[in-house]
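What follows is one structure encoded as structure tokens, with my remarks underneath.
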Amino acid sequence: EGATTVGAVAEFLARAAVTSTRGGAPSKPGEPSPRSGAGYYGKQEELPSVYLDSLRNYFLSAISRKHRKQQSATLQRAVLIGQIAFLVFAVAMLAYAARMVAPPRPPEQAAVLTWLEENTPYHRIIQWHPPQPTADGTGVRMRVQYHYSTSRGKGIDTDRLFLIQQDRVVSVESDW
């Protein structure tokens, strides 16, 4: 009918790969292959085609994601495990890349975020202001504008001044 299918392309590529890897086939049964070295006989050359067929079936199953009746349960499990492993690897690489790109948080911001996580069920930072040292030099004051939700779900925008000493929030002022 003239339509090219994924299976037909895979079959063509598998045959081409088998033909190219075999090189010069033995001229007589039982003679060693010219490319393989001594001890490798013609009947064993069918082994690569078995591996290629298995790999072709695996990748076709992974690409098409169709469970065919002729596929074994082992192949179906292998396809599923391969897909899951690929997804886990991809997510791990994305997370690693995001950590490498994202700058590390200053300790003052980390302290404020820890306090917010302990005291509000949901929060979203609107703006960070630069930390200012306290008059006595024992810590820093940091102004933070953020949005949080109460336990009843009411959203509140607020502007607070946090006193931070030794990477911990010591006090919070809302009317300053």
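We did not get these values from a lab; they are worked out from the coordinates using the rules stated. Please read these numbers as outputs of a predicted model, since none were measured by experiment. All Cβ positions, glycine included, derive from the backbone under ideal geometry; neighbour counts span all protein chains shown.
Stretching Thr138 away from Phe89 to a fully extended chain increases their span by 13.1 nm, per 0.36 nm per residue minus the current alpha-carbon distance. Sorting 72-85, 136-149 by average packing, meaning the other beta carbons within 10 Å per residue, from highest down gives 136-149, 72-85. Under 5 Å between amide hydrogens, built in the peptide plane, is the criterion, and for Thr120 it picks out nothing among residues at least 5 positions away or on other chains. Karplus-derived 3J(HN,Hα) values for the stretch 75-91, using 6.51 cos²θ - 1.76 cosθ + 1.60 with θ = phi - 60°, are 5, 4, 5, 4, 5, 5, 5, x, 5, 5, 4, 4, 5, 4, 4, 5, 5 Hz; glycine and proline are entered as x.
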